[in-house]
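The values are calculated or read from the model by the stated rules, or taken from the named source; none is laboratory data. These numbers come from a predicted model, not from an experiment. We place every Cβ from the backbone using ideal geometry, glycine too, and count neighbours over all the protein chains shown. Please note that ligands, DNA and RNA were not included when accessible areas were found on the heavy atoms of the full protein model with its side chains. Shrake-Rupley method; radii C 1.70, N 1.55, O 1.52, S 1.80 Å.
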Amino acid sequence: MDQSAKQGPASRIFISSVIESKDPEEERMERANMIYQSIVKGLSDRDANDALNAFVSKGPAQHKDVQLGLLYNILAEPSLSAKCFQDMLLVSRDGFNTVVPVLVRLVTDKWLKLAETTRVQITWLTRELIKHAVKDSDELYLWLLRSIVGGDTSSRNIWLIETLLDTFLDHRPWLEKSQSPRDLVASVVYTYLRLIVDHKESAFSMLRQREVELCITLLREKWAECLVIGRDLARLLQLVARISEFEKLWRDIFLSPSSLSPGFTGIKQLMSLPTKKHFLASRVTLDMERKLNFLLLNVQFGHHKRYQEWFQRMYLSTPESQTLRCDLIRFICGCIHPSNQTISSNIMPRWAVIGWLLTTCTSNVAASDAKLALFFDWLFFDATRDSIMNIEPGILVMYHSMKPHPAITATLLDFMCRIMNNFCPRYAAEIKEGFFTALRTIIARHVLISANTKTLHPLFDNPKLDRELRALVHQNFFEFCNQDAVKEEPLVRERAASMDNGNHISDGIQEASFSDDEDDIPLGKTAEESSFRPIFKPPEKGVDITEHLDQLPPAIKDLTAELQSEINQEMRCDLLDRLMKVVIQEDDFDDIASSLASCLCQILKDQVNKNIFPHHVDEDSIEDSIDTPLFVIFRCLSQMSEEDPRTQPLLQLMGEMYERQPCIGYYLLYFLKVSKNCDEKMVAYKEFCSSLDERDFKSCLLQDLKLCAEDDVRLFTYLIPDIYTQFAGIAVGNAELVHMIVENIDGTQLQDLICQILQGHLIIFNKKETFLSILNESLKWETIEQYFLWQLITAHNIPIEHMLPVLPMLEYTANAEALTSLMVLLKQESPSAELLRPMLCRECKKMDYFVVSVLKYWAQEYEDRLAELIKEQLTRLGGTTHANKNKRSKSKESKKDQPSMEQVLAHLDHMRQVCRNISFLNHEKIQHALQEVQAAATDSQKNKFSDLLALAEDIEDTKTTRVLRGRRGANSSPKMSKTKRSVPEESDSNYDTEEEENTRHPPKKKKKIAQPALDEESE
């Protein structure tokens, strides 16, 4: 059958692929739509309204169905939206309390998955809700505002910004009268003040002007309502202070604050108000919030790199996204407050994420805004109003960066010194007191976990700081420095006092924003000497190769020198080719190999240190990637036969280069994979590895792959299929290599590998023994690594019987990843003795629901088959006649692979306790098995499983009574003999014989029949 037919009709509301199941929300609305369509089909508008009113009058369930059906039509059929909304108004009985929560869920949980048409219809419907004064429509607009992404000028985001802006401008009276508990007016101002910064390009000039118009009007007319935002209102106003309208507003804030609101006294009052959390959160989308919470509350420090890369690719990869950094930092400082338990654990700390965000700033303005966002709560810090969690990341990112990233510590300390004096000169004393109060609180609360937690000396007296920066720190924070150790040269007070680069709020207002041409001090230099640079790894210093050149023979020296001075890429390739031809003719190459390798590594360092793998992979881009001088060496080697003695100088040269640049190893692998002229792929790599001293081939290969995974995981993933094909003896079943794969890849690369597996180009597992060893090793891996492994296992179609030997040793809580994956795989299988035995061998624990869940599912889908299997298991273990008949045939089975009687009974009893109203235990075959167990069980077993065995006693009494009545009925009436009891046909004769025995003999006879089985078993 066609796959698309299996999946059913495509979603009309969501963006979905053919492999995704339909969203439950959409399925509910589709069912409701079918009900709605069945009511109005073939009716006129008048009759349809009457029919709908009659239907919704039946009860709340019918009312909900009609409302959801109409909502589905509005979202999926734009042409019917007006009519459906009128019908919705006519039949609504709950003030849209059915519709609005559904819209809120779509916006908050599924906005990224909604189709474009659906988004347009949602905004149209919310606008209609405003027109008809529907309650809670303002709440819906708050969530729509939060769906706007900061630092994003894509057409989709601009459309949402403009659509909401049109609504707020067209419905100003509704906006100003909003009674939302989360301050809709203030949220609109906060959002659009922030967005104005993103729309500085001329293409957005009209949009920006309308945003300015909205914000200025609301700020001047609703200043008291906007004041509830808190001090971050001043931060956002500062970012737009150069716009004339906001420049006038700043003048009023300083010179005539009462003109804005009678109770407003000035900027100090505003800066003293902590910002409410929901305003800080409003500039971070819900998807960003979920990802940041996961990173900061679940990911272990040291395993965070891939998550940061995912986040950066999704939200921080464009030039416009530079402005988003300050939003994220404010959100982390003000909204994510981990518990003490989380802080003391190995979970990713907040300061590490903020430090990473600071290093991704590539412009002066973005770096200044990010640092201001980090220290903004310090300016007017009051321990009675502000939380220490808001200032903790700032001190920790400086403290923990002293050794690994001294540039971060230096630039933040310098920023503290300057912002304290220059942010707002009128209130410099109050700001200084705020900084000092913050630092005293940090000391009192022992925020710094160091050898001396009662001082800040390790930070403020750090000898690695530039002398002038250290003097500046001592001048501004003398109280917190080691006063006995301050023996520096005279402080440069004039220079520090004169530093004024626009990073302050002055009384004259014109400079109330961060200057675009701000000079920062990343490494302790003063503003006059150097401007701010983004914080990256310092560039490697060039190495003078003159000494090495002098040690080379004339022919090689001349070609090497010419290669060094040549710029043209094609000419460089030609020169290196000529150089290699001279090298392979050199007799005494041992003496010059090291010097030539040093020269080439320095000359070709621009190629060695960059990622060579193309972003878009096609034949042309691959060919271009190896059309560089470095690969000329590999090409010469691959074109020579293995027996050719001229390969030795090349191998020796590559070995020397490998010692200096280990990436040479995986570059060679890449070249051999993509090279068209290489008949026997990877032979040259084996030769290369064998030429290395004290390095076996396996360790060399794994080391090169590990380095490749760290440097360029996309290239690593690209190489993997060939590694498993060309080096199957080493790669297949290698737990270290599998861990290397799942440790470094992300979802996209996992998808690529699974595609290779399905196409037959990649086989990672082949033998049961090595596969089990990998499974055992994987139990120690991280959660995401284990789930990636199970995805790869599933793609290989490995028989589940190969996985079950590890089942008894898995702990329910400690090995949740493996058990979850096994549970899903078992769900797809039908029960068999081979699957059942390892499951029943698991120790039954009260809070372990693995076995009981699988058994319950099988009982629903394969009841008779599962009952037969459990009966056979119990009968075999119970020592009955059936077990004796099969005793010889089963004698060779290992006892350790067989569950004990108590294990089987324990799992059945657990099933009885956990699964309510389960009919499986009343199945005839289970009842027979329990009866036999009851006859053969020891007293301790009967006591332990009395409730389970009581089920067999109850059913036995019921059946005996039914048999006696049935036989009497058969003797008295022919008609009654036709009425049969409900028993499976294949067991009729056996069951009748057993019933006759029960009828003829008293209960004592039955005990005598069961006694020999016990005796025989005991013997």
Where the centre of each part is set by its Cα atoms, how far does the stretch 100-144 sit from the stretch 291-326, in angstrom? 28 Å
Probe 1.4 Å, all protein chains in place: accessible area of Ile391 in Å², nearest 10? 0 Å²
Distance between the C-alpha centers of the stretch 392-407 and the stretch 67-96? Whole Å please. 56 Å
Kirkwood Rh, angstrom, the stretch 330-385 [1 / mean 1/r, Cα pairs]: 12.9 Å
Roughly how far apart, in whole Å, are the Cα centres of the stretch 699-713 and the stretch 791-869? 36 Å
By accessible area of protein heavy atoms, probe 1.4 Å, what ranking do Val228, Val66 get, highest first? Val228, Val66
From the Cα gyration tensor of the stretch 546-646, with a ≥ b ≥ c the square roots of its eigenvalues, which class applies: rounded if a/c is under 1.5, or else prolate if a/b is larger than b/c, or else oblate? oblate
With a ≥ b ≥ c the root eigenvalues of the C-alpha gyration tensor of the stretch 826-882, is it rounded (a/c under 1.5), prolate (a/b larger than b/c) or oblate? oblate
Which of Met206, Met640 is most accessible, then next, and so on - probe 1.4 Å: Met206, Met640
For the stretch 631-695, which GluC sites (Glu not before Pro) are both in a DSSP coil and crowded by at most 12 other Cβ atoms within 10 Å? Glu642, Glu643, Glu680, Glu694
³J(HN,Hα), Karplus 6.51/-1.76/1.60, whole Hz, each residue of the stretch 395-403, x for Gly, Pro: 6, 6, 5, 6, 5, 7, 9, 4, 8
For Arg242, Arg12, write out the residues from largest to smallest accessible area, computed with a 1.4 angstrom probe and no ligands counted. Arg242, Arg12
Starting with the highest mean, order 585-591, 290-296 by the number of other Cβ atoms within 10 Å, averaged over the residues of each peptide. 290-296, 585-591
Roughly speaking, to the nearest percent, how much of the stretch 189-264's 1.4 Å accessible area is carbon and sulfur? 52 percent
Loop GluC sites (Glu not before Pro), the stretch 180-253 (other Cβ atoms within 10 Å of the site Cβ: 12 or fewer; DSSP): Glu201
May I ask you to list the trypsin sites (Lys or Arg not before Pro) in the stretch 554-622 that are in a DSSP loop and have at most 13 other Cβ atoms within 10 Å of their Cβ? Lys610
Past 25 Å, Cα to Cα, is the threshold; run Lys464/Lys605; Lys291/Lys673; Lys113/Lys135; Lys222/Lys277; Lys403/Lys605; Lys305/Lys403 against it and keep the listed order. Lys464/Lys605; Lys291/Lys673; Lys113/Lys135; Lys403/Lys605
Solvent-accessible area per residue for the stretch 345-472 at a 1.4 Å probe radius, Å²? 34 Å²
With a 1.4 Å probe and all protein chains left in place, how much accessible area per residue does the stretch 620-686 have, in Å²? 41 Å²
For the stretch 636-677, what's the radius of gyration and Dmax over Cα atoms, in angstrom? 10.9, 28
Global geometry of the stretch 635-772, whether rounded, prolate or oblate, following the gyration tensor of its Cα atoms and the 1.5 cut on a/c: prolate
Largest first and in whole Å, give the semi-axes of the stretch 752-828's equivalent ellipsoid, each being the square root of 5 times a Cα gyration tensor eigenvalue. 20, 13, 12
Sequence ranges 337-348, 762-773, ranked by mean other-Cβ count within 10 angstrom, highest first: 762-773, 337-348
5 Å is the cut-off here: which amide hydrogens, built 1.01 Å from N in the peptide plane, fall below it relative to Phe14, excluding neighbours closer than 5 in sequence? Ala115
Note, Gln703: beta-carbon cut-off 13 Å, +1 each Lys/Arg, -1 each Asp/Glu, net -4
How big is the accessible area of Arg31 in square angstrom, nearest 10, if you roll a 1.4 angstrom probe over the protein chains? 140 Å²
